[in-house]
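Read the structure below first, then the notes.
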Amino acid sequence: MPDLDVDLFVIGGGSGGVRAARIAAGYGAKVMLAEEFRMGGTCVIRGCVPKKLLVYASRFPDAFHDAAGFGWTLPEPSFDWSKLVAAKEKEVTRLEGIYTRTQENAGVTVVKSRAVLEDAHTVHLLADGRRVRAKTILIATGAKPNLADFPGIEHTITSNEAFDLKRFPKRILIAGGGYIALEFAGLFAGLGSEVTVIYRGDNVLRGFDEDLRQILTATYKEHGIRFIFNDVIGKIESNLQVVESTSQVDESALELSVTTRKGEQLIVDQVMMAIGRSPNTAGLGLEAAGVALDKIGAVKVDDSSRSNVPHIYAVGDVTNRVNLTPVAIREGHAFADSVFGGKPWQTDHSLIPTAVFTTPEIGTVGLTEAEAIEKFAVIDIYKTSFRPMKATLSGSTDRTLMKIVVDGETDRVLGVHIFSEDAGEMAQLLGIALKAGATKAQFDATMAVHPTAAEELVTLRTRTTRHERAVAAT
Ligand code: FAD
């Protein structure tokens, strides 16, 4: 096709898009990338990175409190939300600059524009009206927060806005039961908000191991977080008044009156919707390009991230496979190596270690107890719950939980689930062990690091439970 402008057009400058663009350019491909918001995407601008910074901030009050048990006397600490937001913004802006420069240094042309497909080879750049013809197209547009349909939804925020609130919410209602809802509940509570979580089910973190779900809810309740289960928001009314003299809205006294479907009433300063995310495919021109979507709007792809249109690929959250940054990055890398580097490989989506940055953290890899019972005939559970050493002097009542799920027939470790300080760090290393196919005997043969919390993982000798599938009578 002689009229082509670029070898690869990447739509979206987030985790998956930037990796794919840089690697493809490194193989000599002529690459253009369009980003409509800020380079770095969700993870860098309004996801993993700013969230972790806020989580760090939220843990200081515990440290100040714990210090007394270790002999420290501190002056009364005070907290300034606007200083935290400004510091976070400075770091995010620094990273955004690095992301742009890294692309440009690799030879990628970065365009600050929304990009829409006009047909299977033509990308329309809305910022300046240009049309770019591409041989290969990569959709890496990520996902966006879901909203619900109830009167007053316009008064709510999502995680997108939560990082830049002008006013610190003294009382916040968070709707949702996924990891984002729970992380924000923990961080706002740590920073001093009165937090309520409302969720339609009867416990949060569906899909995580049941013991983790229970210990997290119990710990959060002890930290003063309130849960409303089996209910959802019915309506929200705001007291916002327009100041007549200026026609401006006076937000300083903003109060929201929330009524749940079951009739409970709450007065809060903010309501945050964290009820899931959906693939960002609306208005992208995918129909015009003939790209097939699944029923929630995700781009349907094969194991090589290829859509039904052979030269159009998609990676990351827009494909709704495993919606995590390292997964998007790896899918982007595999795509670029395979299509432009002559080194085909596919992303392995099994045994992905992951963390939930609640306080304490959740770190997990592999099958939950319930999933293992479904899949294997004999399952052994090794479990321990204890007060971490630091709590002996700090007085904290938080408990640590560690659980190992083992195939009782082969001794292979199928899953490990941890609720502890630094559980995310532990999950990363456990991911290597499980990926290598470690057995429980190999865990046992590993020398402990003492004194640590993680040493429990190699000293757990006594089985807690064995589940054996009943053998059908012949
Ligand atoms: P994104 O990073 O979302 O990038 C897509 C980009 O495409 C965006 O920048 C968007 O502006 C742009 N775009 C969309 N449409 C167009 C268009 N038409 N034209 C031009 N540009 C467009 N993951 C983890 O692994 N660990 C975590 O701790 C973690 N925490 C998170 C916390 C929050 C609050 C959120 C929301 C997410 C978190 N995630 C975390 C998930 C992680 O951010 C995503 O999995 C990851 O960003 C997906 O990368 P992506 O490239 O698919 O999409």
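The values are calculated or read from the model by the stated rules, or taken from the named source; none is laboratory data. All values derive from a computational prediction rather than experimental measurement. Here the Cβ is made from the backbone with ideal geometry for all residues, glycine too, and neighbour counts use every protein chain on show.
Quick check on this structure: which one of E104, E118 is among the acidic types (D, E), within 13 Å of the ligand (Cβ to nearest atom) and more than 24 Å from F168 (Cα to Cα)? Full working, then the answer.
Working: E104 fails: within 13 Å of the ligand (Cβ to nearest atom).
Of the residues listed, the single one that is among the acidic types (D, E), within 13 Å of the ligand (Cβ to nearest atom) and more than 24 Å from F168 (Cα to Cα) is E118.
How many of the residues in the range 23-50 are under 17 Å from V315 (Cβ atoms) and not in a helix (DSSP H, G or I)?
10
Check off (1) of a type in the set (A, V, I, L, M); (2) more than 10 Å from the ligand (Cβ to nearest atom); (3) in contact with a Ser or Thr (Cβ under 7 Å, 6 or more places away or on another chain) for I98 and give me the number that stays unchecked.
It fails just one condition, (3).
Yes/no matrix, rows are residues, columns are (1) loosely packed, with under 13 Cβ neighbours inside 10 Å; (2) more than 23 Å from D337 (Cβ to Cβ); (3) among the hydrophobic types (A, V, I, L, M, F, W, C):
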| position | (1), (2), (3) |
| --- | --- |
| A86 | yes, yes, yes |
| N105 | yes, no, no |
| K112 | no, yes, no |
| L138 | no, no, yes |
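Checking the condition within 13 Å of the ligand (Cβ to nearest atom), modelled with pLDDT of 95 or more and aromatic (F, W, Y), which residue from F60, F64, F37 passes? Explain how you work it out, then say what you get.
On the way: F60 fails: within 13 Å of the ligand (Cβ to nearest atom); F64 fails: within 13 Å of the ligand (Cβ to nearest atom).
Within the list F60, F64, F37, the selection yields F37.
Considering each of N280, N323 in turn, give the residue that is of a type in the set (S, T, N, Q) and either crowded, with 22+ Cβ neighbours inside 10 Å or more than 12 Å from the ligand (Cβ to nearest atom) (or both). So that I can check it myself, show each step before the final result.
Values: N323 fails: either crowded, with 22+ Cβ neighbours inside 10 Å or more than 12 Å from the ligand (Cβ to nearest atom) (or both).
Residue meeting the stated conditions: N280.
If you go through the range 56-96 one residue at a time, how many are touching a residue at least 12 places away in the same chain (Cβ under 8 Å) and either within 21 Å of G14 (Cβ to Cβ) or charged (D, E, K, R) (or both)?
The qualifying residues number 9.
Could you figure out which of (1) under 23 Å from F208 (Cα atoms); (2) charged (D, E, K, R); (3) exposed (fewer than 14 other Cβ atoms within 10 Å of the Cβ) isn't true of R463?
The single condition R463 does not satisfy is (3).
Consider D302 carefully, then state whether it is more than 18 Å from the chain's Cα centre (by Cα) and either among the charged types (D, E, K, R) or within 11 Å of the ligand (Cβ to nearest atom) (or both). Walk me through it before giving the result.
Numbers: more than 18 Å from the chain's Cα centre (by Cα): yes; either among the charged types (D, E, K, R) or within 11 Å of the ligand (Cβ to nearest atom) (or both): yes.
Yes: the conditions hold for D302.
Just one of the numbered conditions (1) under 28 Å from D422 (Cβ atoms); (2) within 12 Å of the ligand (Cβ to nearest atom); (3) not in a helix (DSSP H, G or I) is not true of L53; which one?
Going through (1) under 28 Å from D422 (Cβ atoms); (2) within 12 Å of the ligand (Cβ to nearest atom); (3) not in a helix (DSSP H, G or I) one by one, L53 breaks only (3).
What are the residues in the range 88-103 that are buried (at least 18 other Cβ atoms within 10 Å of the Cβ) and among the basic types (K, R), if any?
Listed by number, the list holds a single entry, K88.
Does T397 meet the test of being under 26 Å from I373 (Cβ atoms) and not aliphatic (A, V, I, L, M)? Let's see the steps before the verdict.
On the way: under 26 Å from I373 (Cβ atoms): no; not aliphatic (A, V, I, L, M): yes.
No: the conditions fail for T397.
Any residue at all in the range 56-75 that is assigned to a loop (DSSP other than H, G, I, E, B) and within 26 Å of the chain's Cα centre (by Cα)? Before you say what the answer is, go through the steps one by one.
Keep residues of the range 56-75 that are assigned to a loop (DSSP other than H, G, I, E, B), which gives 71-75.
Checking which are within 26 Å of the chain's Cα centre (by Cα) leaves us with none.
No, the range 56-75 contains no residue that is assigned to a loop (DSSP other than H, G, I, E, B) and within 26 Å of the chain's Cα centre (by Cα).
Scanning for something within 22 Å of A370 (Cα to Cα), among the hydroxyl-bearing types (S, T, Y) and surrounded by fewer than 23 Cβ atoms within 10 Å (Cβ to Cβ), does the range 196-217 turn up at least one residue?
yes
So for the range 131-145 (the condition being in contact (Cβ under 8 Å) with a residue 60 or more places away in the chain and closer than 23 Å to S193 by Cβ), does at least one residue qualify?
In the first step, residues of the range 131-145 are kept if they are in contact (Cβ under 8 Å) with a residue 60 or more places away in the chain; the result is 132-145.
Applying the additional criterion that residues be closer than 23 Å to S193 by Cβ yields 145.
Yes - at least one qualifying residue is present in the range 131-145.
Could you list, in sequence order, the residues of the range 40-50 that are of a type in the set (A, V, I, L, M, F, W, C) and either within 16 Å of T158 (Cα to Cα) or near the ligand (Cβ under 6 Å from one of its atoms) (or both)?
Taking the range 40-50 and keeping what is of a type in the set (A, V, I, L, M, F, W, C), we get 43-45, 48-49.
C43, I45, C48 - these are the residues of the range 40-50 that are of a type in the set (A, V, I, L, M, F, W, C) and either within 16 Å of T158 (Cα to Cα) or near the ligand (Cβ under 6 Å from one of its atoms) (or both).
Which pairs have Cβ atoms under 6 Å, sit 6 or more apart or on different chains, and link a residue in the range 246-259 that is in the same structural domain as G234 (by TED's automatic domain parsing) and closer than 13 Å to Q270 by Cβ to one that is outside any strand (DSSP E or B) and at pLDDT below 95?
L254/L240; E255/N239
Residues that are part of a helix (DSSP H, G or I) and either surrounded by fewer than 19 Cβ atoms within 10 Å (Cβ to Cβ) or out of contact with any helix residue (DSSP H, G or I) (no Cβ under 7 Å at 6 or more places or on another chain) (or both): does the range 350-369 have at least one? If you could, list the steps in order and put the result at the bottom.
Pass one, the range 350-369, residues part of a helix (DSSP H, G or I): 369.
Next, only the ones that are either surrounded by fewer than 19 Cβ atoms within 10 Å (Cβ to Cβ) or out of contact with any helix residue (DSSP H, G or I) (no Cβ under 7 Å at 6 or more places or on another chain) (or both) stay: none.
Checked against the condition, which is being part of a helix (DSSP H, G or I) and either surrounded by fewer than 19 Cβ atoms within 10 Å (Cβ to Cβ) or out of contact with any helix residue (DSSP H, G or I) (no Cβ under 7 Å at 6 or more places or on another chain) (or both), the range 350-369 yields no hits at all.
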